[in-house]
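The values are calculated or read from the model by the stated rules, or taken from the named source; none is laboratory data. The shown structure was predicted, so the numbers you read here are calculated from the model rather than taken from an experiment. Note that each Cβ is placed from the backbone with ideal geometry, even for glycine, and that neighbours are counted across all protein chains shown.
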Amino acid sequence: MRRLKLQGTLLLSLVTVLTAQDDIAQLREEIVSLKTSVAELQRSQETNADAAFTLSGYAAAGYAYAEHTNGGFDLVQFSPIFQYAYTDLVLFTGELETKMNDDLETSVELEYASASIFLNDYMVLVAGKFLSPLGQFRQNLHPSWINKLPTEPIGFGEDGAAPISFTGLGLRGGIPLGALQSNYTLFVANAPVLELADDNNTSIGAIAAEGPTSSDTAGYTVGLRYAIDPLPNCEIGVSSAYGKAALEGESKRDYSVFDADLSWHYDGADLKAEYSQQKVGKLGSSIAPAAFTWKAWYAQLAYQFGALPVEPVVRYGAFRPADFDLDRDQVSVGLNYLFAPSVIAKVAYEFNNADKAPEYDDNRLLAQFAFGF
């Protein structure tokens, strides 16, 4: 009897040991599986750390009252900017401009979309549709929360004297000059599109400002901007571009751009100035055979009083389009209130002078609220 009890005890102990061994083996399998999962998660995090995505942009709402009108809220704008970076090698940037028009319809346009590949410390390759690097207003100052007045300088918008964007390839970078700094942009892009005047088929009314996605008509445009910083917070730039342009169905004619710009921030004063010119040459076989030139320039001064969030601003601008009857000058006087560095409220009054073009001659009262995010 005692022997049977002893055998039973030994058998129970053996079963217990075998069961424990099974549990240990299962536990080991679970630990191995957990380690594998942790390793995969760590690899995933390390991979994702190489990439970064950000959403930024700006928005604005505005009011305008012109002489001989009832006035109205004329601007609702939302412009998101998408940015994706992979390590320090590639940066993609794209902006969509959405606005509500007079017919209560929303228009969506691709402002730009380009990839930047960082080749070295002094050179970046840019490919896609990019803002015009000729001059400074379009590429640096046009967003509503940066622009110190509710409107663009005359001649620097659609159908003006300065290109808005190009589609092509470019190189950008900096060149150290001892204690001075300088930067450059060199690009090749599709040629612009010429447009006949609405009321006159024997003259060119405008050069389409948006960069076309085809070069079938006139080939390519090559451009260069070089800027130097002679003083702290001061930049002087010179730009030039040359190529061919054509009306649809016609032969090519010469096309050129010249631009000079100045930006200087000293103490609380901020000075901006720019001159831009676009020109197309003669073509005897064209229905619009003459040469045509568009010129525009402006000078703007703003001043911020120390810690006070107010900023007065004044700007003079002039536009000389190919049609001399549309010549006009403009003086804008404004006052801004800065709720934050990227949140601004603006009030301005425009004095417009266009002797031969009554549609551009009315003075205007403008108000705008804009913020960047």
*Which condition number in (1) over 28 Å from Ser79 (Cα atoms); (2) touching a strand residue (DSSP E or B) at 6+ places or on another chain (Cβ under 8 Å); (3) modelled with pLDDT under 95 is the one that Tyr360 fails?*
(1)
_Going by what's in this entry, would Leu262 be described as part of a strand (DSSP E or B) and either in contact (Cβ under 8 Å) with a residue 12 or more places away in the chain or under 22 Å from the mean Cα position of the chain (by Cα) (or both)?_
yes
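Please pick out the residue among Leu104, Leu131, Leu89, Leu119 that is surrounded by fewer than 13 Cβ atoms within 10 Å (Cβ to Cβ), out of contact with any Cys (no Cβ under 6 Å at 6 or more places or on another chain) and within 23 Å of Ser239 (Cβ to Cβ).
Leu119
Listed residues Leu186, Leu171, Leu196; which is more than 21 Å from the chain's Cα centre (by Cα) and either at pLDDT 95 or above or closer than 30 Å to Pro289 by Cβ (or both)? Talk me through it step by step, then tell me what you get.
On the way: Leu186 fails: more than 21 Å from the chain's Cα centre (by Cα); Leu171 fails: more than 21 Å from the chain's Cα centre (by Cα).
Checking each option against the conditions leaves just Leu196.
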*asked:* So if I check each of Gly174, Gly178, Gly249, Gly223, which one is under 25 Å from Glu95 (Cα atoms), surrounded by fewer than 17 Cβ atoms within 10 Å (Cβ to Cβ) and not charged (D, E, K, R)?
replied: Gly174
_Can you report the number of residues in segment 218-235 which are over 30 Å from Ala269 (Cα atoms) and not β-branched (Val, Ile, Thr)?_
4
*asked:* Report every pair of residues separated by at least 6 positions or lying on different chains whose Cβ atoms are under 9 Å apart, first residue within segment 139-151 and small (Gly, Ala, Ser), second buried (at least 18 other Cβ atoms within 10 Å of the Cβ) and assigned to a loop (DSSP other than H, G, I, E, B).
replied: Ser144/Pro150
_Residue selected from segment 199-214 under the condition at pLDDT 85 or above and more than 23 Å from the chain's Cα centre (by Cα), by the criterion surrounded by the fewest Cβ atoms within 10 Å (Cβ to Cβ)_ = Ser203
